[in-house]
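Shown next, in structure tokens, is the structure this report addresses.
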């Protein structure tokens, strides 16, 4: 595999995805979610937020979005990555060049991952800037790079699921719906299983919930970051209901890797065995 060609396709994917209005809307939503809550907190800071918590309010914007908003972004970025190439008839043109299918596929996926990572980094920067502007200097920021790295790694699950959906269905709208259905089903089933566990105490329900794809995705960044955060920051997260279902970071990493590799592997197998149509209408 020629890494230069993979990188060329990754850069192409970033440019192609960035030109879509969906990505622009995504960035605007990220900016609003990272700034408006701090403005609202600032206007009511005397009655809602104790002064001892001011230096750690950046954790709200960083951790609250990881369980729901980041997977949604991953689906939005990746669901159209392959399907739009088929809809526009560009897949056959690109593959007529002296490139292998693996170079094309890996480059497309890498481009989506780069774009997702940029959104995560943007979220971290905006959160810290908004919290600093509203409540003064923020502390314990040394944990932020590790948390952002964990969030980027966690995003591989639904990036891969949406990528697979786009390759199998080859229609962007339908592939996004299917990938979203996988996410929401996992999210809702996980909620039900945890509620049933609370009522029955049967550990079987909790075990089932741990293996759902949404569980390690939402748990890993907090598992890695929580141990390095002071008590005030942890208390903020507890007040917001941000908690980990998983107990082991290593188990979460392994589960994320399994889901991502299985989904991407299935997309690669299908892509290499099925003819590339000229155009999907």
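The values are calculated or read from the model by the stated rules, or taken from the named source; none is laboratory data. The structure displayed is predicted, hence computed values, not measured ones. Glycine also receives a Cβ, built like all others from the backbone with ideal geometry; neighbour counts cover every protein chain displayed.
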For segment 44-51, state whether one or more residues are farther than 30 Å from residue 245 by Cα, more than 25 Å from the chain's Cα centre (by Cα) and surrounded by 14 or more Cβ atoms within 10 Å (Cβ to Cβ).
yes
Quick one: which residue in 27, 64 is in contact (Cβ under 8 Å) with a residue 40 or more places away in the chain, out of contact with any helix residue (DSSP H, G or I) (no Cβ under 8 Å at 6 or more places or on another chain) and under 30 Å from residue 139 (Cα atoms)?
64
Does segment 238-250 contain any residue that is at pLDDT 90 or above, within 20 Å of the chain's Cα centre (by Cα) and either assigned to a helix (DSSP H, G or I) or crowded, with 20+ Cβ neighbours inside 10 Å (or both)?
yes
Only one of these is under 30 Å from residue 83 (Cβ atoms), at pLDDT 90 or above and part of a loop (DSSP other than H, G, I, E, B): 212, 255, 261. Name it.
212
Only listed residue being within 17 Å of residue 213 (Cα to Cα), out of contact with any helix residue (DSSP H, G or I) (no Cβ under 6 Å at 6 or more places or on another chain), modelled with pLDDT of 90 or more and surrounded by 18 or more Cβ atoms within 10 Å (Cβ to Cβ), chosen from 184, 153, 163:
153
Taking segment 123-143 and keeping only residues that are in a helix (DSSP H, G or I) and touching a helix residue (DSSP H, G or I) at 6+ places or on another chain (Cβ under 6 Å), one is left with 123, 124, 126, 127, 128, 130, 131, 134, 135, 143
Looking at (1) more than 23 Å from residue 117 (Cβ to Cβ); (2) assigned to a loop (DSSP other than H, G, I, E, B), which is the only condition residue 228 fails?
(1)
Can you find a residue in segment 49-57 that is free of Cβ contacts under 8 Å to residues at least 24 places away in the same chain, in a helix (DSSP H, G or I), out of contact with any helix residue (DSSP H, G or I) (no Cβ under 8 Å at 6 or more places or on another chain) and closer than 19 Å to residue 229 by Cβ?
yes
Identify all residues within segment 219-236 that are touching a residue at least 12 places away in the same chain (Cβ under 8 Å), surrounded by 15 or more Cβ atoms within 10 Å (Cβ to Cβ) and farther than 19 Å from residue 194 by Cα; write none if there are none.
221, 224, 225, 226, 229, 232, 233, 235, 236
Please enumerate the residues belonging to segment 1-15 that are assigned to a helix (DSSP H, G or I) and touching a residue at least 12 places away in the same chain (Cβ under 8 Å).
5, 6, 7, 8, 9, 10, 11, 12, 13, 14
Check 63, 68 and return the single one that is at pLDDT 80 or above and either over 19 Å from residue 152 (Cβ atoms) or crowded, with 18+ Cβ neighbours inside 10 Å (or both).
63
Say whether the condition of being closer than 21 Å to residue 262 by Cα and free of Cβ contacts under 8 Å to residues at least 40 places away in the same chain is met by at least one residue in segment 118-133.
no
Inspect all residues belonging to segment 75-97 and state whether any of them is modelled with pLDDT under 90, under 30 Å from residue 233 (Cβ atoms), in contact with a helix residue (DSSP H, G or I) (Cβ under 9 Å, 6 or more places away or on another chain) and in a helix (DSSP H, G or I).
yes
Please state which of the following conditions residue 57 fails to meet, knowing it meets all the rest: (1) under 20 Å from the mean Cα position of the chain (by Cα); (2) under 18 Å from residue 242 (Cα atoms); (3) at pLDDT 85 or above.
(1)
